[in-house]
Structure formats: structure tokens, C-alpha cells
1. Radius of gyration and Dmax for the range 74-135's Cα atoms, expressed in Å?
2. What does the accessible area per residue of the range 1-155 come to in Å², with a 1.4 Å probe and no ligands, DNA or RNA counted?
3. In whole percent, how big is the carbon plus sulfur part of the accessible area of the chain, probe 1.4 Å, protein atoms only?
4. Give the range of the longest stretch in the chain that excludes all GluC sites (Glu not before Pro) found in loop regions by DSSP and having at most 14 other beta-carbon atoms within 10 Å.
5. Given the convex hull of the Cα atoms of the range 1-153, what is a quarter of its surface area in nm²?
6. Would you give the gap between the C-alpha center of the range 1-42 and the C-alpha center of the range 115-182, rounded to a whole Å?
7. How big is the convex hull of the Cα atoms of the range 101-182, per residue, in Å³?
8. Which of GLY82, GLY69, GLY143 moves most in a GNM of the chain, Cα contacts under 10 Å?
Amino acid sequence: MTDLSLYILDITMNSVRAGANNISVTLFEEGGVLTMRIVDDGCGMTEEQVKSLSDPFFTTRTTRKVGLGVPFLRMLAEQTGGSVCITSKSEKEYSDHGTVVEAVFHTDHIDFIPMGDIVETVVTLVQGSPNVDFRFHHRFEGGEAALDTAEMRVILGGDIPLDSFEILSFIREYLKDQYAQK
């Protein structure tokens, strides 16, 4: 993957596959450091599964035998002097189950990969999983961008699906306008 937005898409789609109903994506940039935090309420993982995530030959997916997302994310963060921390509570053991993925990057490092198209990533998430509530918040030098699909559902009511062309177009322009305030 060539940019962080694709890692965000990959991790959040894993959350969707894990049965999450609520997914929060937070990006916080300050002083040359970017902290990316993705939290879900999916089925979670056992302690052994979390430990195995750094192994590229470990995956819970049945469509392929390798899982390179986390090992590559960890490598990219560590190359910049950052880190990755993953915590999870399995639904088999906890009622407040889910997973937290937090990655820290030093954005002024030569090995920091581009952010990518965050707006299109959020639009893709909503389009691909319109029944999941996504909370997105990106605070950056000079501004912030945010979207909460649960709030949108309250405003729109139950008759207008979030994956309709008009709503996806609104989300795209709404986020672009927030980023234009930089």
C-alpha cells in the first residue's frame, strides 16, 4: 500500500468483517507527529491472536494465507521513529469487546509515506458499509475535519440511505470543505 489512507481502509474493513457496528477513526497531527487511532466494537481478538499479528503468515481471512497489513504498518511507523500498538478484547471473554489500533508516525522523517486521499477513504467506507456508524475526526495544524454517520442518520431519518449518490456526494464535499479551511 502506497499511503496511509489505504491502511486506514484496510484496518476499518477488517473491523467491518469482525462485525463492528461502530468504528472510530481519529487522526491527530501536532509538532511533526501523526497519531492514527482506529477503535471498533467488533468481535475482538484473543491475546494470542494479537501477538500473532506481526507474523505475515498469520491471517484470519480464508481468501489468502498471508496478512501483511499490520507487519507493513508497523514497519512504516517504526521507520519514522514511531510505533504501533494493538489491543483487543475478544467477545468470548468480555462484554465490552473490540479492537484498538494505534500507530504513531514522525511526519518530518524521510520515510513517512503520504497521507493519501482521506476524503475518498471515508466516502468508500460509508458506501461499502452504510449500516455501520463511522466517526471520523482529523485534527491537523490549522484546522480539523470531522464526520459522524450516527449524527447524519438522526438528521436524515431512516428513509434516506447513507450510500445513496446524493449523500455520498454531500459527504465528499462536506469533508473537502473542511480540509480547504487549512
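The values are calculated or read from the model by the stated rules, or taken from the named source; none is laboratory data. Keep in mind it's a predicted model, so treat the numbers as computed, not measured. Heads up, the Cβs are rebuilt from the backbone with ideal geometry, glycines too, and the neighbour counts pull from every protein chain shown. Just the protein is used for accessible areas: all its heavy atoms, side chains included, with ligands, DNA and RNA removed. Shrake-Rupley method; radii C 1.70, N 1.55, O 1.52, S 1.80 Å.
1. 15.4, 42
2. Value for the range 1-155: 52 Å² per residue.
3. Here carbon and sulfur together make up 53 percent of the probe-accessible area.
4. Longest site-free region, per DSSP loop and neighbour criteria: 1-92.
5. Approximately 9.3 nm², given one-decimal rounding.
6. After rounding, the separation between the Cα centres reads 14 Å.
7. Per-residue hull volume (Cα only) is 110 Å³.
8. Looking only at GLY82, GLY69, GLY143, the largest GNM fluctuation is found for GLY143.
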